[in-house]
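Heads up: the structure comes next, in structure tokens.
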Amino acid sequence: MKISSSISRRKFAKLSAAAVSAVASRKLWLPRAAVAALASTPPLAEFGYGDVTISSALHEAQLRETHNVLMSLSEDSLLKPFRQMAGQPAPGADLGGWYSYDPNYDWHKDDAGFAPGATFGQWVSALARYYAITGSEETREKVLRLNRLYAKTISEDFYDKNRFPAYCYDKLLLGLIDSHQFAHDPDAFAMLERTTKAALPHLPGKAIDRELEWRPGRDQSFRWDESYTNPENLFLAYQRGAGDRYRELAIQYLDDATWFDPLSRGENVLAGKHAYSYVNSLSSSMQAYLTLGSEKHLRATKNAFVMLTAQSFATGGWGPDEMLRSPASDDVNLSLTKTHNSFETPCGSYAHFKLTRYLLRVTRDSRYGDSMERVMYNTVLGARPMHSDGRAFYYADYNFAGGKVYSNHGFPCCSGTLPQVAADYRINTYFRDPRGVYVNLYLPSSVRWIEGGAEISLTQSGAYPFEDSVSFAVNASQPKEFALNLRIPDWTQGARIEVNGKCWPDSPVPGTFATISRQWRSGDHIDLQLPRKIRLKPINPQHPETVALLCGPLVLFAITNGSGQPSFTRTQLLAAKQTGKQVWEAGSAHGPMKLLPYVAIDEEQYSTYLHVT
């Protein structure tokens, strides 16, 4: 990875002063003056997909399973809805579910045919990222074949007949720019030009809020498009060299009037918004900042994240029944009994990871990493695996009688985002700047880079978050000085760092990155202790008796298996003990109660929240 050397360390430190001061004073949200200073501070850089190797069994299983499904899908079946809608011969079997095309689809009663071809671009994107990770020529060849077969179907009819033209264009755009960037498809931008030409006549001229009618004569389901999410990938297309028109289109589709403008002023306009798509749109505002330097859009995103956090579950998930809620309502608490559709898991996690990654890169605030970690371990990493017959995990269930079940829909939207999530663990784990490397996620993995002509690798190991310790080993082709920055979670107390067996003199501060600047040599090792604190988190301030039990970043789910709500005292829950690698136990009025993290739950019935006395 090439990092600009045009900024000196002294200048970098000076420009970062406002941000550093904010972190030291424990302010998560920077004032306008600090935001202005950030404009002169380069954001942290992402490593490439191939720069990071992950050896965590949980993470690698999700990548392997999703990749195997995508590689197994028939190419005729994948192209069938595109061919049908273009009036071409369409051999092969229907994939079924949402992916199929049904010209007589009735949203009141039908499932199959809801979003024909909608996940195609996401699957191509995931395959391109997989190639960047592994160098699998078989995977690259599939990307190239799919793109060329798709190119033969490009037509305006696809968008005219589709109830989600902006949504589908956004996914196809992403698949093509990822094919260009990661699979090195030389024809991807030419296909993108043709795709854009076909789509634009059937898109609104600006961002249209969901539920507003903009296609006269069409039924209500045609209103559920998401044009307000398009700028992120349009900005990325521009950045990757697709042309200036994509920058202009991105600006055209920024949802300023009803969304980003009020958010930038601190007005909470979340209530009633479709949860996943509007949180996803915050990545568009971050790209507006990264591409245009728009401080307004950075303020809007930061303010929205505060508002979202205020209505999030202890797992980090949000949006029961796919809706954001009024800050004055009790809706999130009531959802624990009224719904089993608590959090749109793969889609919501994909949006959350992008959002926190952008914010972390720009602000260097470690607590965005805390948020990403919480969502990872408590939601999507515990999702049921995707299957080639269309079964996909959709909702996390935080009901008092919760369980993990597959969606009733075949190939829903979450089957598009889960493969992308599985690939992106790599680019979420490590970052860098001209001074060194930032470790954001703690999971068995390694990262490689060049530092002043030296080849460096950093390998981490350990059973965190099921244990307190994380270990790192340095390998360097020659001694080299750089800064190693370790995220110290806000929830920990008494964190400790040892370098080569000696305690590092600067005590880590929770809610910051601990920086170790020194000359590193092969064989150096670092031990990080993150004492995992058992604590209770109420569903909201109005209901302090309804709590989730946490240990470090993990929510511990009470395994009820139909026995009803157990009765606990606060003392009993806070005395919970770890009795196995992924098993905890707490006393209750009815005897010992088993508690599991989300990744360890299979068929068990559970309760996320508990009533305490």
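Read-outs throughout are calculated quantities, based only on the coordinates presented, and are distinct from any laboratory measurement. Just so it is clear, the structure is predicted and the values come from calculations on it, not from any experiment. Cβ atoms come from the backbone with ideal geometry, glycine included; neighbour counts cover every protein chain shown.
Of note:
- Ellipsoid semi-axes for the chain, based on the Cα gyration tensor and the rule √(5λ), read 37, 31, 24 Å when sorted largest first.
- Remark: the chain carries a charge dipole of roughly 1940 debye about the Cα centre, counting +1 on each Lys and Arg Cβ and -1 on each Asp and Glu Cβ.
- Over all distinct Cα-Cα pairs of segment 409-513, the Kirkwood formula returns a hydrodynamic radius of 15.8 Å.
- If the convex hull is drawn through the Cα atoms of segment 73-203, its volume per residue in Å³: 95 Å³
- Label reach from residue 239 (point 7 Å along Cα→C-beta): in segment 174-200, amide nitrogens under 17 Å belong to 174-183.
- Histogram of C-alpha separations across segment 167-278, 5 Å bin width, %: 2, 11, 20, 22, 17, 13, 9, 4, 1, 0
- Enclosed volume per residue, in Å³, of the convex hull spanned by Cα atoms of segment 469-613: 133 Å³
- Anisotropy class of segment 534-611 from Cα gyration tensor, a/c 1.5 cut: rounded
- Positive-end residue, the chain charge dipole about Cα centroid, Cβ charges, pick of 411, 259, 85: 259
- Over all directions, the projected convex hull of the C-alpha atoms in segment 34-135 averages 11.6 nm² in area.
- Contour excess over end-to-end distance, with Cα ends at residue 518 and residue 613 and 0.36 nm allotted per residue: 29.1 nm
- Between residue 337 and residue 545, the C-beta separation translates, for a Förster distance of 22 Å, into a calculated FRET efficiency of about 0.95.
- Under a model in which nothing but the beta-carbon of Lys, Arg (+1) and Asp, Glu (-1) is charged, segment 333-434 shows a dipole of about 140 debye around its Cα centre.
- Ordering 341-352, 457-468 by mean Cβ neighbour count within 10 Å, with the highest value first, yields 341-352, 457-468.
- Share antiparallel - DSSP beta bridges, the chain, percent rounded to 5: 95 percent
- Here the extension length gained between residue 138 and residue 219 equals 24.9 nm, from 0.36 nm per residue of separation less the Cα-Cα distance.
- Computed about its Cα centre, the charge dipole of segment 445-564 is approximately 100 debye, with only Lys, Arg, Asp and Glu carrying charge at their Cβ.
- Residues of type aspartates and glutamates that residue 109 reaches as a straight line, Cα spacing below 15 Å, ignoring anything fewer than 8 places off in the same chain: 219
- Members of 206/296; 338/533; 142/404 lying beyond 28 Å, as alpha-carbon distances in this model show: 338/533; 142/404
- Positive-end residue, the chain charge dipole about Cα centroid, Cβ charges, pick of 459, 164, 584: 459
- Taking 7 Å steps out from each Cα toward its Cβ at residue 258 and residue 55 produces label points 5.2 nm apart.
- Using the Cβ of residue 438 as centre and a radius below 13 Å, the other residues enclosed give a net charge of +3, where K and R count +1 and D and E count -1.
- Here residue 502 is the anchor, and the aspartates and glutamates within straight C-alpha reach of less than 20 Å, apart from those fewer than 8 places off in the same chain, are 468, 481, 524, 527.
- Calculated [θ] (222 nm, deg cm²/dmol) that DSSP helices of n ≥ 4 give over the chain, each run adding -39,500 (n - 2.57): -11500 deg cm²/dmol
- Using 0.36 nm per residue and subtracting the Cα-Cα separation, the extra length available between residue 76 and residue 193 on full extension is 39.8 nm.
- Environment charge at residue 407 (Cβ cut-off 15 Å; Lys +1, Arg +1, Asp -1, Glu -1): -3
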